[in-house]
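The values are calculated or read from the model by the stated rules, or taken from the named source; none is laboratory data. Everything numeric in this text was worked out from a predicted model, so none of it was measured. Note: ideal-geometry Cβ built from the backbone for every residue, glycine included; neighbour counts use all protein chains shown. Protein only, heavy atoms only, side chains kept; ligands, DNA and RNA dropped before computing areas. Shrake-Rupley method; radii C 1.70, N 1.55, O 1.52, S 1.80 Å.
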Amino acid sequence: MVRTSTQATGRHDYEDYTSLLPDCPIHHIFSFLPTRDVIKTCILSKRWRSIWTTISDLRFDSFYDNSFVDGVLRHYVSFKVRKFHLDIISKRDFCPSTTDLWVHFAIDHQVEDLVLIVNICWKHYWSPLLYNCSSLTKLCLRGCCFSSSESVSWSSLKPLSIEGVGDDVLRKISMGSPVLEYLNLIRCPGVKRIHPRSLRESVIDDVPVVESPLEISTPHLPLLHSRGIILKR
């Protein structure tokens, strides 16, 4: 806040410089914050009271409840969501039908970077909404289930981090992700073969030692990081 003098009126006015910032730098600042903290900034400036409804990054960490997420999405006015990150750690807050609505919202708003983590013992999330999304360029799924009978269409996806899939699902992902460059497999002991032909880097994490070797069948893979497994090319 800066005090300025107005000669015509002889009064002292106060100019709020934060209200003069363009939307772009404000959105850039907001991109580093969880959505709950972004909304708190509305007290800083009159203009900032509503600008959070147009942010491109929506990040809901573990400290939220369903009504908070619903309220944010209900007031959101932008046509595009660049990032949608959701971390579910409470059984009380996990409702598959509600999560479906949130995922549908992200896909309907052409999400590019989707993170969905269901970190609840003996609970997994499954939805056919996750199988087809041409806008996705980056995806992280943990605690989610996939059916090997369903086709996958992630035509723009490059980095993928996924947990608990088997050979059949990975084959579907390979077929439906033609530009996939980075693959992080987390706790996927059922995977026996890695075969996305466009792959440039792969990380295999939290896998116990298995009896059969893991076959790598991809011609452009200069980087492979693994732990506790036997590899075969």
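Tabulated data
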quantity	calculated
Reciprocal mean inverse distance between Cα atoms of segment 49-88 - Kirkwood radius, Å	10.6 Å
Cα-projected label distance for Asn119 with Asp167, points at 7 Å along beta-carbon direction, nm	3.3 nm
Solvent-accessible surface (1.4 angstrom probe) belonging to His124, in square angstrom, nearest 10	110 Å²
Val115 - accessible surface, heavy atoms, 1.4 Å probe, Å² rounded to 10	30 Å²
FRET efficiency estimate (nearest 0.05) - Cβ-Cβ, Ser147 to Arg49, R0 41 angstrom	0.40
Heavy-atom accessible area ranking, 1.4 Å probe, most first, across Phe79, Phe146	Phe79, Phe146
Accessible heavy-atom area order of Ser56, Ser127, highest first, probe of 1.4 Å	Ser56, Ser127
Largest-first ordering by accessible area, 1.4 Å probe, given options Thr98, Thr218	Thr98, Thr218
Net +/- balance of residues flanking Leu170 in space, Cβ distance below 14 Å, scoring K and R +1, D and E -1	+1
Nearest-10 value in Å² for the accessible area of Lys138, using the 1.4 Å probe	100 Å²
Amide H contacts under 5 Å for Lys192, placed H, 5+ residues apart	Asp167
Distance histogram for segment 41-135 (every C-alpha pair counted, 5 angstrom bins, percent rounded to whole numbers)	3, 12, 23, 25, 19, 11, 5, 2, 1, 0
